[in-house]
Amino acid sequence: AVSIMLGFEIGHLGVNTADAADASDVAVKFAKAFGGLETSEGNSSFWAGKIIEIMKGKGRGVNGHIAIKTNSVDRAVYHLKAQGIEFDESSALYNADGSMKVIFFKDEIAGFALHLLQK
């Protein structure tokens, strides 16, 4: 019941690169590889569709990061803390209503930073 309520699913994969030029090149390569995904640029990253975020430099995680979407970040944090997972509280971002929309785990898994992301 808890798993259904939280609705965990992979949101996107984050890839670290050397700089903005490298990130742009990597975004184009991913876009072409997966059938012409649209590329877009944000402040700190480029995107290939909505599935791969290419960081304009060294982002979190040795290898990058994995975003896990959930129906409720607040409830997921509560549940995962009860399981012994620790979070980097300084990474939390909030919606205008005060609900949490993003938070990173304290520890990496297999060289990847993980963060929860509100659906």
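The values are calculated or read from the model by the stated rules, or taken from the named source; none is laboratory data. These numbers come from a predicted model, not from an experiment. Note that we place each Cβ from the backbone using ideal geometry, even for glycine, and neighbour counts take in every protein chain shown. Accessible surface is based on the protein model in full, side chains and every heavy atom, while ligands, DNA and RNA are left aside. Shrake-Rupley method; radii C 1.70, N 1.55, O 1.52, S 1.80 Å.
Please give the length that would be gained between D97 and A20 if that part of the chain were fully extended, namely 0.36 nm times their separation in residues minus their C-alpha to C-alpha distance (nm, one decimal). All intermediate terms of the calculation are to be shown ahead of the outcome.
Working: separation 77, 0.36 × 77 = 27.72 nm, distance 3.33 nm.
Roughly 24.4 nm would be gained on extension.
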Packing-wise, with mean Cβ within 10 Å as the measure, how do 15-21, 36-42 rank, highest first? 15-21, 36-42
Here the net charge surrounding F112, from other residues whose Cβ is less than 13 Å away from its Cβ (Lys, Arg +1; Asp, Glu -1), is -2
Identify which of the listed values of Rg and Dmax of the Cα atoms in Å was calculated from the structure shown: [x] 15.0, 49; [y] 21.5, 72; [z] 15.0, 45. [z]
At 1.4 Å probe size, with the rest of the protein present, what percent of the exposed accessible area of the chain is carbon and sulfur atoms? 56 percent
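Under 10 Å from the Cβ of H12, count the other residues' Cβ atoms, weight Lys and Arg +1, Asp and Glu -1, and hand me the total. Show your work: numbers first, answer last.
Values: positive: K50, K69; negative: E53.
Net local charge, H12 excluded: +1.
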For segment 47-119, which GluC sites (Glu not before Pro) are both in a DSSP coil and crowded by at most 10 other Cβ atoms within 10 Å? E86
Taking the Cα centre of the chain as origin and charging only Cβ (+1 Lys, Arg; -1 Asp, Glu), how large is the dipole, in debye to the nearest 20? 220 debye
Name the residues whose placed amide hydrogens come within less than 5 Å of the amide hydrogen of I68, ignoring near sequence neighbours (fewer than 5 apart) on the same chain. G11, H115, L116, L117
Rolling a 1.4 angstrom probe over the protein heavy atoms, how many square angstrom per residue are accessible across the chain? 58 Å²
Between the helical axis of 20-33 and the dominant principal axis of the chain, each derived from Cα atoms, what acute angle in degrees is found, rounded to the nearest 10? 90 degrees
Scoring only Lys, Arg, Asp and Glu (+1, +1, -1, -1) among other residues with Cβ under 10 Å from the Cβ of A48 yields +1
Nearest 10 degrees, 0 to 90: what angle lies between the long axis of helix 73-82 and the longest principal axis of the chain (Cα atoms)? 60 degrees
Based on DSSP H runs of at least 4 residues, each adding -39500 (n - 2.57), what is the mean residue ellipticity at 222 nm of the chain after dividing by all its residues, to the nearest 500 deg cm²/dmol? -7000 deg cm²/dmol
